[in-house]
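Worksheet: the structure to be examined is printed underneath.
The values are calculated or read from the model by the stated rules, or taken from the named source; none is laboratory data. In this text the structure is predicted, and so the values were computed from the model without any measurement. Positions of Cβ are backbone-derived with ideal geometry, glycine not excepted, and every protein chain shown enters the neighbour counts. Just so you know, the surface numbers come from the protein's heavy atoms only, side chains and all, with ligands and any DNA or RNA stripped out. Shrake-Rupley method; radii C 1.70, N 1.55, O 1.52, S 1.80 Å.
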Amino acid sequence: MDLFADQAHEAMPLAPGACWLPGFALPNMAALWSCLQHHLSIYPAQQMMTPMGHLMSVNTSSMGTWGWVSGPQGYGYSAHNPATQQPWPAIPAVILQLAANAAEKAGYLKFVPDSCLINIYTPGSKMGLHQDKDEQDFSQPIVSVSIGLPATFLFGGAQRGDKAVRIPLQHGDVVVWGGESRRYYHGVAAIRPNQHPLTGNLRINLTLRKAK
Ligand code: MD3
Ligand code: FE
């Protein structure tokens, strides 16, 4: 019997500057989920259009000074929700603290994100290989928190053609992406239909970034 199966274990280096913290957010999951349900009732997830005119299979909402948006003008950050022209709400303290603690554990001190992208996946939703390059300062890490259904995360290298490794991300896992890995290609394989006790048929990923 594995007495530690449901607990956080050690930090796992994935690439230069990237650190997987399995189960790191498990103690915060109930608080996170109640924050998110409240947030999504007021700022419903939207299906953004890529600049190429395709609907994304992942739905999104945002918190923080800068929300990530996509449309015919391109990808980028906006202080306003395109659906309502209203500013996004502040990132709740529980999320800011979790992000700072995870970043610190990975060696990045005083991480203060100004953007929290909420990606909502239903079975079949996926995200193709891409780089995150809409942010100003690439010396700042990105912290991601996985909630609900598991996902196979595809993690490549600095070139699109570099071989991607598959990382099984579970509910409560946190990954900190900094240093060289900050520019690496990454994506998410199609979510498999399943049920999670907290989120039902959803996978939610929080992506915390310093955008500006
Ligand atoms: C690796 N989201 O929104 S977050 C995205 O699970 C995005 O929803 C994924 O990629 C998701 O752009 C993954 C993890 C992530 C974020 C930024 C990275 C991984 C990264 C930057 C460099 C390398
Ligand atoms: Fe990304």
#### Entry: Candidates G178, G53, G187: whichever shows maximal mean-square fluctuation once the chain is modelled as a Gaussian network with Cα springs under 10 Å
G53
### Task
List, in the order given, every pair from K105/K126; K126/K212; K110/K212; K133/K163; K133/K210; K105/K163 whose Cα-Cα distance in the structure shown is over 22 Å.
K105/K126; K126/K212; K105/K163
### Task
Mind telling me which of C116, C35, C19 comes out most flexible in a GNM of the chain, alpha-carbon contacts under 10 Å?
C35
### Cut-off 14 Å between beta-carbons: net charge of the residues surrounding W66, Lys and Arg +1, Asp and Glu -1
-2
### Task
Could you compute the FRET efficiency for A90 and F138, with r as their C-beta to C-beta distance and R0 at 22 Å, rounded to 0.05?
0.35
### Task
Express in nm, to one decimal, how much length is gained between L26 and A83 on full extension, taking 0.36 nm for each residue of separation and deducting their alpha carbon distance.
17.3 nm
## Note on the structure
Heavy-atom accessible area per residue of the range 12-209, all protein chains kept, 1.4 Å probe, expressed in Å², is 46 Å²
#### Entry: Cα shape, the range 19-60, gyration tensor, a/c 1.5 rule
oblate
### Task
Given the options W20, W33, W66, state which has the largest fluctuation in a GNM of the chain using a 10 Å cut-off (strictly under) for Cα springs.
W33
### Task
Give me the compactness ratio for the range 1-140, meaning the Cα radius of gyration over 2.2 N^0.38 Å.
1.15
### Query
Taking square-rooted eigenvalues a ≥ b ≥ c of the alpha carbon gyration tensor, is the range 128-183 rounded, prolate or oblate, where a/c under 1.5 means rounded and, failing that, a/b exceeding b/c means prolate?
oblate
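Carbon and sulfur together cover what percent of the accessible area of the chain at a 1.4 Å probe radius?
Here carbon and sulfur together make up 56 percent of the probe-accessible area.
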### Task
With label points built 7 Å along Cα→Cβ from the Cα atoms of R192 and Q159, find their separation and express it in nm.
3.2 nm
